[in-house]
1. Output wanted: per-residue J couplings in Hz (rounded whole) for the stretch 100-115, from phi through Karplus 6.51 cos²θ - 1.76 cosθ + 1.60, θ = phi - 60°, x for Gly and Pro.
2. Working out 0.36 nm times the residue gap between V79 and T62, then minus their Cα-Cα distance, what length gain in nm do you get to one decimal?
3. Of S87, S55, which has the most accessible area with a 1.4 Å probe, and how do the rest follow in descending order?
4. Roughly how many percent of the accessible protein surface of the stretch 31-71 is carbon and sulfur, given a 1.4 Å probe and a whole-percent answer?
Amino acid sequence: MYTLISNRHTNNFDNMFYATENTVLPFRTDLQDTGDSFVLTAELPGFEKEDIHLSVNAGVLTIEAQHSTDQQRNQNGWVLQERHTGSYSRTFTLNDIQEDAITASYKDGILTLTLPKTRPAAPQRREITIG
């Protein structure tokens with residue numbers, strides 16, 4: 001069975017990408033099983049490709065994105081600021097994924113990762129000697 005076991009983010013732990021109603025996620029993700037791989041999409045609007053960092057270490061995929069702080073924006077008398085700056089991070093524990101074959105693309109604020117599944121070893125036939 002192929003699974004991405006968990007989704008961890010700041011001060012919270014949810015299994016299989018399911019979040020509770022009261023959970024505030026740093027960014028939203030979707031996961032699709034395409035048969036031979038999983039496709040993970042993450043909403044990261046307003047980020048440049050250079051602001052997004054991806055890594056895999058010991059079976060853990062980390063997606064980090066950072067908006068740089070604009071000091072001038074904070075000092076010019078703004079009355080309302082709904083566009084936040086800061087960094088966002090999510091980690092996902094991978095099982096049965098070919099870590100060296102993961103690919104990524106980013107277009108129109110959507111990060112897309114293709115996570116190829118490992119192929120299970122084919123069953124081998126062997127002869128059993130009757131003693």
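The values are calculated or read from the model by the stated rules, or taken from the named source; none is laboratory data. As the structure is a prediction and not an experimental result, all values here were calculated from the model. Protein only, heavy atoms only, side chains kept; ligands, DNA and RNA dropped before computing areas. Shrake-Rupley method; radii C 1.70, N 1.55, O 1.52, S 1.80 Å.
1. With the stated coefficients, the stretch 100-115 comes to 6, 10, 5, 10, 9, 9, 9, 8, 6, x, 10, 8, 10, 10, 9, 10 Hz.
2. Working it through step by step, the gained length comes to 2.6 nm.
3. The residues order as S87, S55, largest area first.
4. Taking all protein chains in place, the stretch 31-71 shows 42 percent carbon and sulfur surface.
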